[in-house]
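Trainee: To start, I am sharing the structure in question, which I have written as structure tokens.
The values are calculated or read from the model by the stated rules, or taken from the named source; none is laboratory data. Small disclaimer: the values here were computed from a predicted structure and weren't measured. Quick reminder, even Gly has a Cβ in these numbers, built from the backbone with ideal geometry, and neighbours come from all protein chains shown. Just the protein is used for accessible areas: all its heavy atoms, side chains included, with ligands, DNA and RNA removed. Shrake-Rupley method; radii C 1.70, N 1.55, O 1.52, S 1.80 Å.
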Amino acid sequence: MSTASLNIPLRRSAQRSTAEPALIRWTLVGVAVLFLALFLFLPLAAVFGQAFERGVGAYFAALRDPDAWSAIRLTLLTAGIVVPLNMVFGVAMAWAVAKFEFRGKSVLITLIDLPFAVSPVISGLIYVLLFGLQGWFGPWLLEHNIRIMYAVPAIVLATAFVTCPLVARELIPLMQAQGTEEEEAAVVLGARGWQTFFRVTLPNIKWGLLYGVILCNARAMGEFGAVSVVSGHIRGLTNTMTLHVEILYNEYNFVGAFAVASLLTFLALVTLGAKSLVGWKPGRRADKSSAEAAQDNPPAPPEAGVRAGTA
Amino acid sequence: MSIEARNITKTFGAFTALRDVTLEVRTGELVALLGPSGSGKTTLLRIIAGLEIPDCGSILFHGEDATDRRVQERRVGFVFQHYALFRHMTVFDNVAFGLRVMPRRIRPTRDEIRARVQKLLALVQLDFLANRYPSQLSGGQRQRVALARALAVEPKVLLLDEPFGALDAKVRQELRRWLRRLHEEINVTGVLVTHDQEEALEVADRVVVMNAGRIEQVGTPEEVFHHPATEFVMHFLGHVNVFHGRVEGDKAFFGALELEYPNGASTGSLAVRGFVRPHDLEIDLQPGETTLLEGTIAHLNAAGPQVKMELLTVMGEIIHVETTQERYRALNLARGQRVFVRPREIKVFLGNRSG
Amino acid sequence: MDRPSRRGRRKRRILPGFGLSLGFALLYFSLIVLIPLGALIVRSAGMSLGQFWSTVTAPRVLASYRLSFGAAFVGAAINVVFGGVVAWVLVRYRFPLRKLIDALVDLPFALPTAVAGIALTTIYCTNGWIGRLLDPHVRVAFTPLGVIVALTFIGLPFVVRTVQPVLEDLDAEIEESAASLGANRRQTFVRVILPELWPALATGFALAFARAIGEYGSVIFIAGNMPMKTEITPLLIWIKLEQFDYAGATALAVVMLAASFVLLLLINLLQRWASRRQHAYGD
């Protein structure tokens, strides 16, 4: 078999004259695919493979388990609180950072990434130090009979900590690229604060915001380390889906564990799908690129018909 | 509505954009702020709009102090250099925006808004594009939408920030004339910022020439062009030739030429620069009493309303001369020909006076 | 008449909502992030230096550092090599399912760490799909090798996603001019292309490394968690918390945080180096 027939087409950037021989190309693709298979595709397949190992019936039975259900409910509740809060935070932070100049702005932007630099276990630890029995507020909380640690509030807090930069990090570069001209035009025309935001800014950032929310949601539901520290691990009460997966796995209930895991995996795949969709969305591309397109100089006489759009 | 800017100073960090600038714009007139980049013209415009806040000084609208009024309350129309159209709204929605965000009490009804927007779109000749999005329009069309949008709220003042800067030369010319006609029709007080002197001279009732944060001269287009008050104004508006000479007493000397200069230096000899526009230089084939210098024609361009020439003087300098087609034919001018140049008028600036 | 500026005027912003947005954002961020982190720092200051030192240098702890940092390093290194290949192949070549594979590269980013942990363990344990192939010569699960596998998984997207944009922006003309000057493909790659990729590769490495040292969920299932052998530092922190040894946990956390912050600084510098190189091509 001649190497010439191993036809792996090249993309626009590599011309014929400067391309690698087909053998090299074939090898590289092979290596890449093998690497990804080992580390990416196999785990993905394993989740679903193990979940359905005993058949579809066992799969759904595992999901119907009451403890699994309360784990799902708790996860949904946590995400339901954390995601909207972090969304508002992200929008507020992005608005302040992208539309205004102030001292310490670059420090603030760097600070936002703090939760990413912190190990999940430490993210939980800090709340234990605040609200645990030996924590700062521990005795006071005990006195007033308020349960934060090892209960839902702590789970919510730890999850909020870990996921709070996500929406902000998605919006800040987007809003910075869009600039402030449209908002300035709006206020000159008489629009007040909320009007400007809802009528002018929000439509321009909607895809970035949507993706940020989807990502935040996926990470909130999938958080493990931080929640493991602050949860009481009480079956049916303070276990999120990930914690429940851990418990089932340690009990060798593989079908159960992977069944719940498959739900989370499905959510991850949906998130990846959303990312691709949003990435190809003409609106989103146009959001970023029309910020530069405003500098363009499309020559056309005033009476000419409409030109084709660049959307 | 008249606009008055009094003693405006504005700095951005270490950079001073405006130094103690005072300007008055009369009701109904269209004033051009003309100058190079960094002259402060856009800053001044934005301060009038309320998009920047001056370090000191005040802005008055019709005699009333508006310095502390927020942008939304100033009722000015602003047209941005890069249009700043709302990219996710149609042309119609863009123009209607100002009307839709008015407070309930004074907001017009849906039908009134629609009627007004349609009238404006017809005025800017874009009614057939009402449902398009900005990305589907050409630059000239976008700019007209921006103008219609600014006019929709019936502002007392219209402010335009280099509105035609991002457009093609031909489109720019057409829009310029169109703006002039529009202004005559609507008669709103207008301030236009531009770095294009042709634009300023063609469109404005009065021109304000600015440089490095200060106003160099304010006057009608004829005044600033034919009677520039400073060297900068003369340089900036149109081509100019520079000659070095001396002023002694009430006489000025340029080369061999001696001229009367009544308001000259009272004591001693002062080195000065004389400015002459290319069309103020006359060509002769023989030297005469008022000949300034001698040179050979290095370059000649007769393709145009005037004949433009570049002369290489005996000193090795290049000067630009413009003469009429008749004179060119009468003298039978050609490249390489030796000619003599006589100025009709030389402008000299001592301090800030012109002579 | 000269009107001096008034106090209140100077601070006024043109666009609305500055105070509200920044105020809320700072308040929320302080409550959720800054104050709790501050509590950690304050707590650790309460410990005596001697106590702190003996805690963070206990033999079991030192063994965990070796594993956490060592495996993270190896994992990131593996990612630099193979992740680089993946990025190259995704940008330069066309093959079936390329777009799908491209999207899947972000899986470690979106997948819960616990799910990744149990999935990897299942595959690499002795009767797993891969584990059974390697047994008995190579054991992956419950050994440091397993930890390396898990940390490679975690860091995968970081290198690929950092290198991809740089590759995409690479000018074809540079390669063409190298070829026209007589360089063969290998020389072009080593002398012309690779130098362009160094900043991105280094940044990707640092990002993957930083992420991996703190990783918990995907590791604890496959590691086996044997003290002195396959215990990672985050697990030690967790154990100390379970034993209510807040001080010990805090001490270890401070060490990890210090390492993370040093890495963050390094990453910041690397990113600036990378963007300077990129912008040199008329971005």
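Trainee: Hey, can you grab everything whose amide H is under 5 Å from the amide H of residue B:78? Only 5+ residues off in sequence or another chain; H modelled, so Pro and N-termini drop out.
Mentor: Close amide H contacts, sequence-distant or interchain: B:159.
Trainee: On full extension of the chain, what length is gained from residue B:68 through residue B:273, given 0.36 nm per residue of separation minus the C-alpha to C-alpha distance?
Mentor: Separation in residues times 0.36 nm, less the Cα-Cα distance, equals 69.3 nm.
Trainee: Shifting gears a bit: Could you order A:216, B:56 by accessible surface area, starting with the largest, using a probe radius of 1.4 Å?
Mentor: I get B:56, A:216, largest accessible area first.
Trainee: So what are the ³J(HN,Hα) numbers for the range C:174-186, from phi and the Karplus equation (6.51, -1.76, 1.60; θ = phi - 60°), rounded to whole Hz, Gly and Pro as x?
Mentor: Per residue, the Karplus-derived 3J(HN,Hα) values read 4, 5, 5, 5, 4, 4, 5, 8, x, 6, 7, 4, 4 Hz.
Trainee: Further, regarding this structure: Find which of B:31, B:275, C:238 sits farthest along the positive direction of the dipole of the protein assembly as shown, computed with +1 on the beta-carbon of Lys and Arg, -1 on that of Asp and Glu, about the Cα centre.
Mentor: C:238
Trainee: When chain B is modelled as a GNM with alpha-carbon springs shorter than 10 Å, which of B:316, B:219, B:35 fluctuates the most?
Mentor: B:316
Trainee: Roll a 1.4 Å probe over the protein heavy atoms and report the accessible area of residue C:88 in Å², nearest 10.
Mentor: Its heavy atoms expose roughly 20 Å² to the probe.
Trainee: What does the charge dipole of the protein assembly as shown about its Cα centre add up to, to the nearest 20 debye, if the Cβ of each Lys and Arg holds +1 and the Cβ of each Asp and Glu holds -1?
Mentor: Dipole magnitude for the protein assembly as shown comes out near 2080 debye.
Trainee: Further question on the same structure: So for A:144, A:233, what's the accessible-area order with a 1.4 Å probe, most first?
Mentor: These residues rank, largest area first, as A:144, A:233.
Trainee: Here is a follow-up. To the nearest 10 square angstrom, how much accessible area does residue B:119 have with a 1.4 angstrom probe?
Mentor: Approximately 150 Å² for this residue.
Trainee: Measuring from centroid to centroid over Cα atoms, what is the spacing of the range A:192-254 and the range B:124-192 in Å?
Mentor: So the separation of the two Cα centres works out to 49 Å.
Trainee: Along the charge dipole of the protein assembly as shown, Cβ charges K/R +1 and D/E -1, which of A:55, C:151, B:126 sits furthest on the positive end?
Mentor: Toward the positive end, the furthest listed residue is A:55.
Trainee: Give, rounded to the nearest 20 debye, the magnitude of the charge dipole that the range C:90-232 has about its Cα centre when Lys and Arg contribute +1 at Cβ and Asp and Glu contribute -1 at Cβ.
Mentor: Magnitude of the dipole: close to 480 debye.
Trainee: Can you pull out the chymotrypsin sites (Phe, Trp or Tyr not before Pro) in the range B:185-274 whose DSSP state is coil and whose Cβ has at most 11 other Cβ atoms within 10 Å?
Mentor: none
Trainee: Moving on. Would you kindly find the accessible area of residue B:326, with a 1.4 Å probe and non-protein molecules such as ligands, DNA and RNA excluded, rounding to the nearest 10 Å²?
Mentor: The accessible area comes out at roughly 120 Å².
Trainee: Name the residue farthest towards the positive end of the dipole of the range C:164-283 from the options C:267, C:188, C:178, assuming +1 on Cβ of Lys and Arg, -1 on Cβ of Asp and Glu, about the Cα centre.
Mentor: Farthest along the dipole direction, towards plus: C:267.
Trainee: Assuming R0 = 30 Å, can you tell me the calculated FRET efficiency for the pair residue C:245 and residue A:177, based on Cβ-Cβ distance, to the nearest 0.05?
Mentor: 0.05
Trainee: Additional query: Please compute the modelled spin-label separation between residue B:125 and residue A:147, points set 7 Å along Cα→Cβ, answer in nm with one decimal.
Mentor: Here the answer is 7.6 nm between the modelled labels.
Trainee: Separate question: Report the GluC sites (Glu not before Pro) located in the range A:95-184 that are in a DSSP loop and have at most 10 other Cβ atoms inside 10 Å of their Cβ, or state none.
Mentor: Answer in residue order: A:101.
Trainee: Right, here's the next one. Can you tally the net charge around residue A:184? Count Lys and Arg as +1, Asp and Glu as -1, for every other residue whose Cβ sits under 12 Å from the Cβ of residue A:184.
Mentor: Once all neighbours under 12 Å are counted, the net charge is -2.
Trainee: Right, here's the next one. In a shell of Cβ-Cβ distance under 15 Å around residue A:71, excluding residue A:71 itself, what net charge do Lys and Arg (+1) and Asp and Glu (-1) give?
Mentor: Value of the local net charge: -2.
Trainee: At 0.36 nm per residue, minus the direct Cα-Cα distance, what do residue C:193 and residue C:135 gain on full extension? Give it in nm, one decimal, please.
Mentor: Additional length available on full extension: 16.9 nm.
Trainee: Which order do B:142, A:192 take by accessible area at a 1.4 Å probe, largest first?
Mentor: Result, largest first: A:192, B:142.
Trainee: Quote to one decimal, in nm, the extra length available between residue B:335 and residue B:178 on full extension: 0.36 nm per residue of separation minus the C-alpha distance between them.
Mentor: 52.4 nm
Trainee: From the mean inverse distance of alpha carbon pairs (Kirkwood) and the Cα radius of gyration, derive Rg over Rh for chain C.
Mentor: Rounded to two decimals, Rg over Rh is 1.09.
Trainee: Next question, about the same structure. Classify the protein assembly as shown as rounded, prolate or oblate, taking a ≥ b ≥ c as the square roots of the eigenvalues of its Cα gyration tensor: rounded when a/c is under 1.5, otherwise prolate if a/b is larger than b/c and oblate if not.
Mentor: Cα axes put the protein assembly as shown in the prolate bin.
Trainee: Next up: Taking 7 Å along the Cα-to-C-beta vector as the label spot, tell me the residue A:116-residue B:104 distance in nanometres, rounded to one decimal.
Mentor: A separation of 4.5 nm, rounded to one decimal place.
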